[in-house]
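The values are calculated or read from the model by the stated rules, or taken from the named source; none is laboratory data. As the structure is a computational prediction, the values presented were derived from the model and not from experiment. Cβ atoms come from the backbone with ideal geometry, glycine included; neighbour counts cover every protein chain shown.
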Amino acid sequence: MSDARKKSKVVSYNKWGYIFLAPFFIVWVIFQFIPLATTIYNSFFENYRSGLTQIGPNFVGLKNFVTIVTNGDLINYSKNTLIMWIIGFIPQIFFSLLLAAWFTDPSLRLKAQRFFKTVIYLPNLIMASAFSMLFFTLFSDNGPINSILVNIGLLSQPFKFMSNATAVRCLVGFMNFVMWFGNTTILLMAGMMGIDQSLFEAAEVDGATATEVFWKITLPILRPILVYVLITSLIGGLQMFDVPQILTNGTGDPARSSMTLIMYLNKHLFSKNFGMGGALSVFLFIITGILSLIVFRISYAGEVK
Amino acid sequence: MKKLASVLLSTLMAASLVACGTSTSSGTPAEAPAEEKPAEATAEATAEAAPAGDEGSVLNIYCWNEEFKSRLEDHYPGYEKVDATTGKIGDVTVKFTITPSDDNAYQNKLDEVLPNNASAAADDKVDIFLVEADYALKYTGADPAVALDVKGDLGLTDADLANQYQYTKDVVTANGVLRGVSWQGCPGVLVYRRDIATEVFGTDDPAEIAPLLSDWDKFNEAAAKLKEAGYTITCSANDTFRVYSNNVTSKWVEDGKINIDPNIEKWVEDSKALVDAGETGTYDLWGDEWNAGFMKDGKVFCYFGPAWLINFCMAADDEGSVAHDGGWAAVEGPQGFNWGGTWICGAQGSDNPTLVADIMKQLTCTESVMTDIVKKDSDFVNNKPAMEAAAKDDSYAFPILGGQNPLAMFCEGANKISMANISNYDQGCTEEFQNAMKNYFDGNYATYEEALDAFYKAVGEKYPELAQ
């Protein structure tokens, strides 16, 4: 008798667990799982609109996947995305490390730290589209940057930034750098502040220089955080869309050299081409999944064992 | 942090959507019963416009800007304005649904509602929708038919339509069936700067400038002369595109295959030469650089445009603009063309066919109404006798053109325009072709063939059935 009562108590506690989980689970199923499953399902169909006529859905197996791979689009636009991500990430990680090291170094006694931390984070609060509109105007053929360069005599005639592949890619990279380095700085600072101060003191006692301390103590201990920053930034980079989309007015010009994977996905929206869009999304899902697994492995390597 | 912000933002957005949704949906039912009571009372008063008793009580109009609304408000007899997006004609409530055309939003909206219009609730049925020439055929084709046959379904007669320019009918005719009408025509002319003409060609008289720009070879020769004096003939290669593309002899898509017309190829050839010689640019129309040419310190000799461009887009209100002092003049230019225009289509499934037909008839066939439109809105209306009379009347002279009356040229142009070669794919093809060629002109594609491949690819993305 008393045994049975005990049992029922346990069950009723379990019930509450499920009830508290339910809202998250329902939202997750509706907004994450169902779209994911239908995306994969749709990728096997020919399904688009031509004008007012709906074509399909006709089952075509793996044809959409084959098309994307064989016409070179996936490779091409992955390459563009990666190049622009690297252009943005290298200065981003450099400046973030530098700033984080300065901010966390008590011997520098930096004043107004809070203020500067806010300032470097601010660009991230601007809407990406507003930011790229601004750059579009600044770097247009008759824009302020060109007039300055011509007026001080550096150029004899305006440079067409928007018609030059390198220039556009660098602009996109630069914008991403400016928008995200504050965020990265804060992540790295959290990591650096977690390092035991006695290590630094011991190094100082042993006569290590600041550079040596940075390379031999800070960086190695910071490695898991760095990898986390790298991979999350890479995942974010794969989804790069708003900045190049607005900067190039959706064309990915010049000659599609700044077209990212998601911009390409967006192109299929015009004809509501769910098949091709789905196939591309599945590829993206796989790549992102692999990257996330790597993060998981590294972050929880010690605990999982 | 970012996640939190995005969650907050999306909640806000969702909340505002819900708020909008409830306010509109609570708005309509409240109005609906009220409008039924005075129905009998006012029906007699506006007998000519009132629909037959069994027709719907709400006339839904889908459009992308305020233009048609203001034409209806100002010129349709018996129209009463209620608020920004509603009005009344007799006992019928007129509701405007305005969706801007940016990012294809307007067409997406039409695509969503029109195919199911017949089964929509009576008050939600679309009765009138407006289209532009670039995509008119998408909605005026026979399969699936979403627009009403103007003659067969709505009962307008050939006599009613006799004064309209033929090309305005061609735009909305598919398989011999007319499915739309327009109150305006948008024939274009070449508008040039008088001061630059005087400096380079020694005269600003349209009669003497006209022969210098009467075909493309002369146009290109003039470009070279202008270049020597430090001017570009047009702001961008895209300026002339419409002129070439309105004079094609074949469609963008023939038998399911993309087709490049010889005149389009000529545009590429001519424009490449002009761009390489520095005689024109590759800017986008409506961009900052393009607008800069309207100013006195601009270096652009001419623009191609219809009446609305001259009257409303050349910054005449700005003291620094050429238009402010009437510094432009018009000639016919190398070829005639059409730019813009709005067509009225009756939607299949409409429950107000009589009223739709009457609106079409009043705005596009009644000469007195159309003359009013010319006077009030400076439209070039789709009525031959009215425009030909105006062409001879000096009171219609354009101050921006220094007192020149270009209407005769517009009339001439409107008679010559042929829009027989439009296809369902014009909008996408034109957009992607200009974009691919801009890259070719700028040297980002080394050859014309490479640019063409990029064009085929982009069109294939927009219209998968054309993918190669």
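Remark: pairs (first residue in the range B:301-329, among the β-branched types (Val, Ile, Thr); second residue surrounded by fewer than 20 Cβ atoms within 10 Å (Cβ to Cβ); Cβ separation under 6 Å; 6+ apart in sequence or on different chains) = B:Val322/B:Lys296. Being more than 11 Å from every other protein chain (Cβ to nearest Cβ), surrounded by 16 or more Cβ atoms within 10 Å (Cβ to Cβ), in contact (Cβ under 8 Å) with a residue 12 or more places away in the chain and of a type outside the set (Phe, Trp, Tyr): is that true of A:Pro123 here? For A:Pro123, the condition - more than 11 Å from every other protein chain (Cβ to nearest Cβ), surrounded by 16 or more Cβ atoms within 10 Å (Cβ to Cβ), in contact (Cβ under 8 Å) with a residue 12 or more places away in the chain and of a type outside the set (Phe, Trp, Tyr) - is met. The residues of the range A:107-120 that are away from chain B (no Cβ under 14 Å) and either part of a helix (DSSP H, G or I) or touching a residue at least 12 places away in the same chain (Cβ under 8 Å) (or both), listed by number, are A:Ser107, A:Leu108, A:Gln113, A:Arg114, A:Phe115, A:Phe116, A:Val119.
Keeping to the range B:416-444, report how many residues are within 11 Å of chain A (Cβ to nearest Cβ) and touching a strand residue (DSSP E or B) at 6+ places or on another chain (Cβ under 7 Å). So the count comes out to 2. Residues in the range A:147-164 that are in contact (Cβ under 8 Å) with a residue 12 or more places away in the chain, away from chain B (no Cβ under 11 Å) and in a helix (DSSP H, G or I): A:Phe161 only.
Report whether or not B:Tyr283 is closer than 28 Å to A:Asn164 by Cβ and more than 14 Å from chain A (Cβ to nearest Cβ). It is false that B:Tyr283 is closer than 28 Å to A:Asn164 by Cβ and more than 14 Å from chain A (Cβ to nearest Cβ). Going by the conditions given, is A:Thr260 surrounded by fewer than 20 Cβ atoms within 10 Å (Cβ to Cβ) and either outside the structural domain of A:Ser132 (by TED's automatic domain parsing) or modelled with pLDDT of 85 or more (or both)? Criteria not met by A:Thr260.
Taken over the range A:190-202, the criterion of being over 25 Å from A:Tyr228 (Cβ atoms) and among the hydrophobic types (A, V, I, L, M, F, W, C) is satisfied by A:Ala202 alone. Listed by position, the helices (runs of 4 or more DSSP H) contained in the range A:168-286 that have at least 3 residues being not β-branched (Val, Ile, Thr) are A:197-205, A:219-238, A:242-247, A:261-267. Only a single criterion out of (1) among the charged types (D, E, K, R); (2) surrounded by fewer than 21 Cβ atoms within 10 Å (Cβ to Cβ); (3) within 18 Å of B:Phe337 (Cβ to Cβ) is not satisfied by B:Asp284, namely (3).
Every residue, every condition in (1) within 14 Å of chain B (Cβ to nearest Cβ); (2) modelled with pLDDT under 90, yes or no:
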| site | (1), (2) |
| --- | --- |
| A:Gly207 | no, yes |
| A:Val227 | no, yes |
| A:Thr232 | yes, yes |
| A:Thr248 | yes, yes |
| A:Pro254 | yes, yes |
| A:Tyr264 | yes, no |
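Listed by position, the helices (runs of 4 or more DSSP H) contained in the range A:20-106 that have at least 1 residues being within 14 Å of chain B (Cβ to nearest Cβ) and over 17 Å from A:Lys272 (Cα atoms) are A:63-70, A:73-104.
Checking the stated criteria, B:Leu355 turns out not to satisfy the condition of being assigned to a helix (DSSP H, G or I), of a type outside the set (D, E, K, R) and in the same structural domain as B:Ala229 (by TED's automatic domain parsing). Across the range B:286-303, the qualifying residues are those that are of a type in the set (Gly, Ala, Ser) and assigned to a loop (DSSP other than H, G, I, E, B), and the one among them that is farthest from the chain's Cα centre (by Cα) is B:Gly298.
Quick one: in the range A:76-113, of everything that is among the small types (Gly, Ala, Ser) and modelled with pLDDT of 90 or more, which residue is surrounded by the fewest Cβ atoms within 10 Å (Cβ to Cβ)? By that ranking, first place goes to A:Ser78.
Selection of strands (runs of 3 or more DSSP E) fully inside the range B:58-167 by the criterion of at least 1 residues being touching a Phe, Trp or Tyr at 6+ places or on another chain (Cβ under 7 Å), closer than 28 Å to B:Asp377 by Cα and in the same structural domain as B:Asn246 (by TED's automatic domain parsing) returns nothing.
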